[in-house]
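Participant: For reference, the structure I am asking about is given below.
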Amino acid sequence: MPANLTAEAKAKLAKYSEARTIEEKIQALEEFISAVPKHKGTENLLLWARRRLAELKEEKEERRRKRAGGGGPRIFVERAGAGQVVLIGPPNSGKSSLLARLTNARPEIAPYPFTTQTPIPGMLQYEDIQFQLVDTPPLLLDQPDSPVNNRILGLARNANALLIVVGLDEPDPGYTLSRIMELLEDRGIVVTRRRGLVRILKSREINGVKIQGSGRMIDFTEDDLRRLLASYRIYNAIVEIEGDVSLDDVEKAIYQARMYKPAIIVLNKSDLPEARMKVSKIGELAGDDTPLVIASAKTGEGLNDIGGIIFKILGIIRVYTKQPNKEPDPNPLIVPKGTTVIEAARRIHKDLARNFKYAKIWGPSARYPGQRVGGEHILEDGDLIEIHTR
Ligand SMILES: Nc1nc2c(ncn2[C@@H]2O[C@H](COP(=O)(O)OP(=O)(O)O)[C@@H](O)[C@H]2O)c(=O)[nH]1
Ligand SMILES: [Mg+2]
């Protein structure tokens, strides 16, 4: 059902998206909320606006606290290592126990909820690199809009990946997992590419509404789409769709930026009786791109697999570098899959890319050791490159 916004509400929404400072955004959003007519068609929009407002106020408060010189819980954790992975999950699922088993950090662990109050980072060693795991306070599934949740979701948005932890001691861990996924989706974090992802690129240079991407429109036609966009006064745009997309997904995408965040599901406490039985029902909840690990922070089951899985879902590779006539640098460059030689050179130094002549290459992507390649050669995990310049 389209929101059919009034011209005034539409103008306020535009003001919000153009606002620069937090204060401006808060003010614009407050004005927007009071300008939106309340009916079935605007429910989603208002829900989003109120949540966004709460998040912004939280952020403002956080900044104020920081300026006042520490004190109070911090939201952001500076990234370290080859990727930041935030652990999220309900109370007592074993997040802190997992952090303690997997990393050098020593968080407090207790059989009662709310032991963990602030995000705690620790480093997980995977082969020759490290990932940063961040333990968080528990997600409150019964209070979706609580300040704690806002803080956790802020951390999640900022992370490279999520580790969703559910305890197999719960009566119905599958249900808990689906509620976590729902909470994330409601707040614009999508963990599986299979689900609908919509991007709307507005531009005056585009004539009309064009649909792109490999997605499937499950409950609407192109005409429905045009009508919906027109109700928001969007007449010229590219709509990119991925996965199974509903008209509701499109409407949400108009005001809420949605992001894909790779995730791993960890079903913890596999050592408990009946844990196995519960697992069998959960498998299908995880998409093809959301790996599921059956683990126990107590016995260590599954824990050795986690580093490798994080490496895989982050979509990164390790590229080793050496200077001519020198030994390789033992610390690899961490770059996205698909990175070319010239892109890797640019990461090391602008001049290396500017003066690039050719590279010599050893490892998985080399046809023979020391193969001479050009800048467009695509690197693979474990490659060693030696860059030659003019
Ligand atoms: N049996 C069993 N208990 C666990 C496991 N992991 C954590 N626990 C217990 O569950 C409780 C909550 O653990 P904690 O790590 O504090 O959970 P958090 O609230 O998610 O951080 C503690 O009593 C832990 O000892 C596990 O794999 N098996
Ligand atoms: Mg904890």
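Here, each number is a calculation from the coordinates, and none is a lab measurement. Just so we're clear, the structure is a prediction, and the values are computed from it rather than from any experiment. Counting neighbours? That spans all protein chains shown, and the Cβs are built from the backbone with ideal geometry, glycine included.
Participant: Mind checking which lysines have their C-alpha under 29 Å from residue 326, skipping anything on the same chain fewer than 8 residues away?
Facilitator: List returned: 337, 350, 357, 360.
Participant: Next question, about the same structure. Per residue and in Å³, how big is the convex hull formed by the alpha-carbon atoms of segment 196-256?
Facilitator: Details: hull volume 4.1 nm³, N = 61.
Per-residue hull volume (Cα only) is 67 Å³.
Participant: Given q = 0.09, 0.11, 0.18, 0.23 Å⁻¹, what are the Debye log10 I(q)/I(0) values for segment 257-381, with equal point scatterers placed on the Cα positions and solvent ignored?
Facilitator: Rounded to two decimals, the profile gives -0.43, -0.58, -0.95, -1.31.
Participant: What does the charge dipole of segment 84-145 about its Cα centre add up to, to the nearest 20 debye, if the Cβ of each Lys and Arg holds +1 and the Cβ of each Asp and Glu holds -1? Before the final figure, lay out the partial values.
Facilitator: Details: 3 positive and 6 negative charges, 34 e Å.
For segment 84-145, the charge dipole is close to 160 debye.
Participant: For residue 317, list long-range residues whose amide hydrogen, built 1.01 Å from N in the peptide plane, is under 5 Å from its own amide hydrogen.
Facilitator: 335, 337
Participant: Summarise the long-distance tail of P(r) for segment 47-170 by giving the % of C-alpha pairs beyond 22 Å. Don't skip to the end; give the middle numbers.
Facilitator: On the way: 2750 of 7626 pairs.
That fraction is 36 percent.
Participant: Here is a further query. If the cut-off is a Cα-Cα distance under 26 Å, which lysines reach residue 269, setting aside same-chain residues fewer than 8 apart in sequence?
Facilitator: 95, 261, 278, 281, 298, 312
Participant: Taking a spot 7 Å from the Cα of residue 389 along the direction of its beta carbon, which residues of segment 341-372 have an amide N less than 19 Å from it?
Facilitator: Residues 341-361 qualify, since their backbone N sits under 19 Å from the label point.
Participant: Please report, for the Cα atoms of segment 185-289, the Rg to one decimal and the Dmax as a whole number; what are they, in angstrom?
Facilitator: Rg and Dmax of segment 185-289, Cα atoms, are 17.9, 62 Å.
Participant: Further question: Mind checking segment 333-384 for trypsin sites (Lys or Arg not before Pro) that DSSP puts in a loop (not H, G, I, E or B) and that have at most 13 other Cβ atoms within 10 Å?
Facilitator: Numbers: sites: 337, 346, 347, 350, 354, 357, 360, 367, 372; in loops: 337, 367.
Filter output for segment 333-384: 337, 367.
Participant: Next up: Which number do you get for Rg(Cα) / (2.2 N^0.38 Å) in segment 1-72? Walk me through the numbers on the way to the answer.
Facilitator: Numbers: Rg = 14.3 Å, N = 72, 2.2 N^0.38 = 11.2 Å.
Rounded to two decimals, the normalised Rg is 1.28.
Participant: Run the count for segment 1-72, please: Lys pairs, Cα-Cα under 24 angstrom, 8 or more apart or on different chains.
Facilitator: Within segment 1-72, the lysine pair count is 20.
Participant: Would you kindly compute the Cα radius of gyration of the chain and its largest Cα-Cα separation (Dmax), both in Å?
Facilitator: Values for the chain (Cα only, Rg and Dmax): 23.8, 72 Å.
Participant: Quick one: 3J(HN,Hα) in Hz for segment 76-91, Karplus 6.51/-1.76/1.60 with θ = phi - 60°, rounded, Gly and Pro as x.
Facilitator: In residue order, the calculated couplings are 9, 10, 4, 5, 8, x, 7, x, 9, 10, 9, 7, 10, x, x, x Hz.
Participant: For residue 389, enumerate residues with amide H under 5 Å from its amide H, sequence gap 5+ or separate chain, H modeled in the peptide plane.
Facilitator: 357
Participant: Further question on the same structure: Which of the trypsin sites (Lys or Arg not before Pro) found in segment 134-234 are loop residues per DSSP with 13 or fewer other Cβ atoms within 10 Å of their Cβ?
Facilitator: Details: sites: 151, 157, 179, 187, 193, 194, 195, 199, 202, 204, 210, 216, 226, 227, 233; in loops: 187, 193, 194, 204, 233.
Those satisfying the criteria are 204, 233.
Participant: Of 36, 335, 373, which is the most mobile in a GNM of the chain whose springs link Cα atoms less than 10 angstrom apart?
Facilitator: Largest GNM mean-square fluctuation: 373.
Participant: Quick query: amide H of residue 167 versus all other amide H atoms, modeled in the peptide plane; which residues come in under 5 Å with a sequence gap of 5 or more or a different chain?
Facilitator: 268
Participant: Once Rh for segment 317-389 is found with the Kirkwood sum over Cα pairs, what is the Stokes-Einstein diffusion coefficient at 4 °C and 1.567 mPa s, in µm²/s?
Facilitator: On the way: Rh = 11.7 Å.
Translational D for this selection: 111 µm²/s.
Participant: Another question, if that's okay. Taking the Cβ of each residue in 229, 13 as the centre, tally the other Cβ atoms inside 10 Å and list the residues starting with the fewest. Walk me through the intermediate numbers first.
Facilitator: Details: 229 21, 13 24.
So the residues, fewest neighbours to most, are 229, 13.
Participant: Find, among the GluC sites (Glu not before Pro) in segment 297-390, those assigned to loop by DSSP (not H, G, I, E, B) with at most 14 other beta-carbon atoms within 10 angstrom. Walk me through the intermediate numbers first.
Facilitator: Numbers: sites: 301, 343, 376, 380, 386; in loops: 301, 376, 380.
Those satisfying the criteria are 376.
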